[in-house]
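Student: Could you have a look at this structure, given as structure tokens, before my questions?
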Amino acid sequence: MRAPREIALRINGASYVGRAEPRKTLADFIREDCGLTGTHLGCEHGVCGACTILMNGDAVRSCLMFAVQAEGAELMTVEGLADGDRLHPIQQAFWEHHALQCGFCTPGFLMTTLEFLRDTPRPTDREIREGLSGNLCRCTGYQNIVRAVALAPTPDPAAAGTTRPARKRRAGASQSRVRRKAKRRGG
């Protein structure tokens, strides 16, 4: 086993510094060390899409990456979407159009949708189905998800994947405060 390495990165506008063994996944680092539990682990093989986050503006499967690979990266998780109690427009569309049931897959769908709508404004239903085909849901049948994405406002390309002003956090330290914030934001 190799010694843990220090990792510095930004998640949702906050700076995090932590230590992780080289084999620790990014999803586990985000959840366990940074206390941001909105990113879900489903299959842990990159198939279901539940662990999707944005890394430097691009959707990635955080279960397939090692935390050390994210050194210096700018990450956005589902906790970074809402602004306090105000839902992000994509979250609002999912809520209004009943695009979730159990909610387990929802964080991955939301993050995938954010990138998808940034890159494909005003998509057709077929484009939506293709764009979200890497995310699996066992509850909804996808109709309401497709409807929500079709009716969601297209994100401002300049703002999609950007985050709030920087705050510095030490991963693993003060996790209860980070968790409280995540709960308020819907994570």
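One line per residue, one yes/no per condition, for (1) over 19 Å from residue 37 (Cβ atoms); (2) touching a residue at least 12 places away in the same chain (Cβ under 8 Å); (3) open to solvent by 30 Å² or more (accessible area, probe 1.4 Å):
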site	(1), (2), (3)
97	yes, yes, yes
100	no, yes, yes
104	no, yes, yes
107	no, yes, no
123	yes, yes, no
130	yes, no, yes
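Residue by residue, here is whether (1) in contact with a strand residue (DSSP E or B) (Cβ under 9 Å, 6 or more places away or on another chain); (2) modelled with pLDDT of 95 or more holds:
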| position | (1), (2) |
| --- | --- |
| 71 | yes, yes |
| 108 | yes, yes |
| 125 | no, yes |
| 138 | no, no |
| 161 | yes, no |
| 176 | no, no |
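Student: Return only the number of the condition from (1) under 24 Å from residue 139 (Cα atoms); (2) open to solvent by less than 10 Å² (accessible area, probe 1.4 Å); (3) hydrophobic (A, V, I, L, M, F, W, C); (4) touching a strand residue (DSSP E or B) at 6+ places or on another chain (Cβ under 6 Å) that residue 59 does not satisfy.
Tutor: Only one criterion is unmet by residue 59, namely (2).
Student: If you don't mind, there's one more thing I want to ask. Only one of 2, 31, 10 is open to solvent by 10 Å² or more (accessible area, probe 1.4 Å), more than 25 Å from residue 152 (Cβ to Cβ), in contact with an Asp or Glu (Cβ under 7 Å, 6 or more places away or on another chain) and without any contact (Cβ under 8 Å) to a residue 24 or more places away in the chain; which? Spell out the reasoning first.
Tutor: On the way: 31 fails: in contact with an Asp or Glu (Cβ under 7 Å, 6 or more places away or on another chain); 10 fails: without any contact (Cβ under 8 Å) to a residue 24 or more places away in the chain.
Answer to the selection: 2.
Student: Being at pLDDT 95 or above and within 20 Å of residue 152 (Cβ to Cβ) narrows it down to one residue among 25, 77; which is it?
Tutor: Testing whether each residue is at pLDDT 95 or above and within 20 Å of residue 152 (Cβ to Cβ) leaves just 77.
Student: Next question. Just to check your reading of the model, which residue among 48, 34 is on the phi < 0 side of the Ramachandran plot and in contact with a Leu (Cβ under 8 Å, 6 or more places away or on another chain)? Lay out the reasoning, then the answer.
Tutor: On the way: 34 fails: in contact with a Leu (Cβ under 8 Å, 6 or more places away or on another chain).
Exactly one of 48, 34 is on the phi < 0 side of the Ramachandran plot and in contact with a Leu (Cβ under 8 Å, 6 or more places away or on another chain), namely 48.
Student: Here are 34, 43, 63: which of them is modelled with pLDDT under 95 and not charged (D, E, K, R)?
Tutor: None of the others qualify; the one that does is 43.
Student: Related question: If a residue must be touching a helix residue (DSSP H, G or I) at 6+ places or on another chain (Cβ under 9 Å) and under 21 Å from residue 132 (Cβ atoms), how many such residues does region 29-59 contain?
Tutor: 17
Student: Restricting the search to region 44-54, which residues are surrounded by fewer than 21 Cβ atoms within 10 Å (Cβ to Cβ) and touching a residue at least 24 places away in the same chain (Cβ under 8 Å)?
Tutor: Hit for region 44-54 is 47, nothing else.
Student: With a cut-off of at least 2 residues that are within 26 Å of residue 146 (Cα to Cα), name the strands (runs of 3 or more DSSP E) lying wholly within region 1-101.
Tutor: The qualifying strands (runs of 3 or more DSSP E) are 52-55, 58-61, 74-76.
The values are calculated or read from the model by the stated rules, or taken from the named source; none is laboratory data. Predicted model, so just to flag it, every value in this text is computed and none were measured. As a convention, Cβ positions derive from the backbone with ideal geometry for all residues, glycine included, and neighbour counts pool all protein chains shown. Remember, those area values only see protein heavy atoms, side chains included, never the ligands or the DNA or RNA. Shrake-Rupley method; radii C 1.70, N 1.55, O 1.52, S 1.80 Å.
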